[in-house]
Amino acid sequence: MKQRILFLCTGNSARSQMAEALLCLIAGDHFEAESAGTHPAGLNPMTVASMREIGVDVRHSRSKHLEEFVGQSFNYVIKVCDRAKESCPVFPGAINIRHWSFDDPAAAPVEIRLEVFRRIRDEIANRLCQFLIEEERFTPAALQCDGSRLSRWSSASRSTGCDAGGLFQQPAKSDRRHRRGD
């Protein structure tokens, strides 16, 4: 049975959308991924562009409100921005709640915005790889050697070290874990 993960951010326009699509690419046979926002803002065109560069089509994705998932159970709820962490400190039905802080690529100056979207995409991919190893879904060797999982984005991720030759060289900014009842 697949584990369910909900990725949360403020607008569900970039970071949470990337995390959902990347997890489906890397480990969709093990996880059912969803994403939502506390204040949905529509899919950012640069999210579409940066994901298309690695062969992932998110054009038909839509921003969803967190309320669409209230009452559903998730093995993990992962908040990928600080504002979502503060506006949604708990999530009923979540077994594990985590916070991974990623910069908001949409806030970058326009002249470097696409570059920042690429960097955040690669940081999210790297953090997902770490998560899969931490949760014992994959070994480092399996992730490094399984070209079917990584080939579509490894060439775009070489600068972060998250490719077939050197995963996990850049740790994520933070990973604060909270289990229900803590």
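What follows is calculated from the coordinates using simple rules that are stated; it is not laboratory data. Note that the coordinates shown come from a computational prediction; the quantities given were computed from them, not determined experimentally. For neighbour counting, all protein chains shown are included, and Cβ atoms are generated from backbone atoms with ideal geometry for every residue, glycine included.
Here are a few things to note about the model shown:
- Between amide H atoms placed 1.01 Å from N, distances below 5 Å from residue 4 occur with 32, 75, 76, all of them 5 or more places distant or on a separate chain.
- Two-decimal Rg to Rh for region 1-132 - Kirkwood Rh, Cα set: 0.94
- Summarising the amide proton neighbourhood of residue 65: residues at separation of 5 or more, or on other chains, whose placed amide H is nearer than 5 Å comprise 37.
- Efficiency of FRET between residue 83 and residue 60 - r from beta-carbon atoms, R0 35 angstrom, step 0.05: 0.85
- Volume per residue of the C-alpha convex hull in region 30-84, rounded to whole Å³: 114
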